[in-house]
1. Classify the stretch 45-85: rounded, prolate or oblate, from the alpha-carbon gyration tensor (a ≥ b ≥ c, eigenvalue square roots; a/c under 1.5 rounded; otherwise prolate if a/b is larger than b/c)?
2. Between Ala69 and Asn57, what is the label-point separation in nm under the 7 Å Cα-to-beta-carbon projection?
3. Using heavy-atom solvent-accessible surface (probe 1.4 Å) with all chains present, what is the largest-first order of Ser43, Ser56?
4. Could you please state how large a percent of the accessible area of the stretch 5-86 is carbon and sulfur, counting protein chains only and using a 1.4 Å probe?
5. Need one word for the stretch 1-81: rounded, prolate or oblate. Basis is the Cα gyration tensor (sqrt eigenvalues a ≥ b ≥ c); a/c below 1.5 gives rounded, then a/b vs b/c decides.
6. Expected output is a single nm value to one decimal: the length gained when fully extending between Met18 and Tyr39, i.e. 0.36 nm times separation in residues minus the C-alpha distance. What is it?
Amino acid sequence: TKKVKTDTLTERQRYELMEDLRRLRLLLASNQGCEDKVYYIFSNATLDDLVAHLPSNKEELLKIYGIAAQKCQMYGEAILEVIERHVGRTTCPARRALKMDDGDQSIGNREDRSVR
C-alpha cells in the first residue's frame, strides 16, 4: 500500500488543492464539451486519492484510483502541475528558492481564498 503523504499539507492547503483539482476537472470537461458530466473526467474518489497521495510523476499517478494509461496520457501533466504548485509552496525555502517564479497565474494559485 502506498504511503499517504497528506501530512505534508495543512487542512487548508488540502482544501485548496481539492478545489483547484475540481476546477481543473471542470475545465477539462468543458474543453471536451461535457461540463455537465465532470465525473467522466475524474470521480470524486479519484480527486480524494490525488489529494491523499500527492503523486509527483506519471508512475505515481498511475497508482491513483481511476487513473489508467489513457487518462494519465491525456491529463497527467495538468494534474501534476496543479499538485506541484501546492506541494511546492510547502517545501523548504531552499527548494522554493530554486524554482523560477512564473507569477503563479495558473489554476494552482488561490492564496487569497478563505475556507468555508
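The values are calculated or read from the model by the stated rules, or taken from the named source; none is laboratory data. If you're wondering where the values come from, they're calculated on a predicted model, not measured in any experiment. Don't worry about glycine lacking a Cβ; one is built from the backbone with ideal geometry, like all the others, and counts go over all protein chains shown. Accessible surface is based on the protein model in full, side chains and every heavy atom, while ligands, DNA and RNA are left aside. Shrake-Rupley method; radii C 1.70, N 1.55, O 1.52, S 1.80 Å.
1. Numbers: a/c = 1.56, a/b = 1.07, b/c = 1.46.
It is oblate, given that a/c is not under 1.5 and a/b is not larger than b/c.
2. 1.9 nm
3. Ser56, Ser43
4. Values: 2190 of 4350 Å².
Of all accessible area on the stretch 5-86, carbon and sulfur atoms account for 50 percent.
5. Details: a/c = 2.05, a/b = 1.34, b/c = 1.53.
Verdict is oblate for the stretch 1-81.
6. Extending this stretch completely gives an extra 6.1 nm.
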